[in-house]
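Input: a single structure, listed below in structure tokens.
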Amino acid sequence: MKKIIVHSINFLFLFISLYAFAQNETHKGYRIEGDEIVFTFNKSDYKKITSDGFGNKQDFDDLKIDNVVVSGKFNNWSKNKWRMAKVNNNTYELRKKLSDFTDEFSWEFKFVINNYYWAEPSKDDINITRATKDGFYLNTYNLHFLTNYPDKNGNAHFKLKGYKNAKKVILSGTFNRWNEELFKMNKTEEGWELTLLLKPGEYEYKFIVDGNWMEDPDNPLKKRNEFNGFNSLININKLITFKLDNHLNAKKVILSGSFNNWDENNYSMLKTKSGWEYSIKLSGGKHHYKFIVDGNWIVDPKNSVKEYDYDGNINSVCIIK
């Protein structure tokens, strides 16, 4: 029973903070710039610190800062690994690629001062989650950020036409671990819609209309689920430009790979001042490829990541996250 209560209250904090995110409120501890998350620590944002697992707090005012570290589940709550760069006497930053956070859609984190003291956020901060240990509450909070979230400028637009009399429509899918509350859709003149910012990859989803689950009636792409029904599918691609330097005397260069069934003709690369290039939208995951220079197959000389295929050939590897 205790575990159920803990998860319910943590969910409530997550729901409130996600709603605030959709309202463009400022989140503490980070901002997102393009494909990067920028962890930001400012001393003026914190009044208390702790130094033990029980959440016993002390004032922060007189502590001299020697270094600041970002700590979270993504680095096993290390107090040493992710050291931040000093911007000024009170501010520290650390940049990481959003693609580095691939396993979860929500991550908890905290800042560690001098590899020892935890900077404690306030219960009034937007993006907080009640800290727990072994299923029990601590007297503190963690900050958190989301890797998939509502964004009016996002890359995945979901729309459900009609159902104007519905009181609530929820978007649920693998991008939020089938959560039944977080992604509330917005009512429009035509029905309901919501735009998300998603990492490249294939996602399954459904709409929940006043508690009733349904497929996307306007999306023919579906996948059978464990309940002998179907989930709708969406594939988020990322534009990737393949480049091959030099070979300026070549008459023709082809890009061939697992993404086009190793076609030897269709992806003809464009000649540039420095070599050849070709842009293509790819789904998330691993892709093998090679260049065909006037009929000769070569790996990408500037890509050190290579793998053997099932036929014993060595191919260059492109990983989309």
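Laboratory data are not the source of any read-out in this text; all were calculated from the coordinates shown. Values in this document were obtained by computation on a predicted structure and should not be read as measured data. Please note: Cβ atoms are built from the backbone with ideal geometry, for glycine as well, and neighbour counts cover all protein chains shown.
For the reader, a short list of remarks on this structure follows.
- Between Ile314 and Asn75, the C-beta separation translates, for a Förster distance of 41 Å, into a calculated FRET efficiency of about 0.80.
- For Ser274, net neighbour charge (Lys/Arg +1, Asp/Glu -1) across residues whose Cβ lies under 13 Å away: +2
- Compactness of region 150-219 as Cα Rg over 2.2 N^0.38 Å, two decimals: 1.02
- Whether region 115-254 is rounded, prolate or oblate, judged on the alpha carbon gyration tensor where a/c under 1.5 counts as rounded: oblate
- Whole-number percent relative contact order across the chain, with pairs defined as alpha carbons under 8 Å at least 6 apart: 12 percent
- Cβ crowding within 10 Å ranks Ile292, Ile240 as Ile240, Ile292, fewest other Cβ atoms first.
- Take every pair of alpha-carbon atoms less than 8 Å apart whose residues are at least six positions apart; their mean separation over the length of region 150-219 yields a relative contact order of 41 percent.
- Three-way shape call for the chain based on the alpha-carbon gyration tensor, with the a/c threshold at 1.5: oblate
- Degrees separating the helix 2-22 axis from the principal Cα axis of the chain, which is the longest one: 70 degrees
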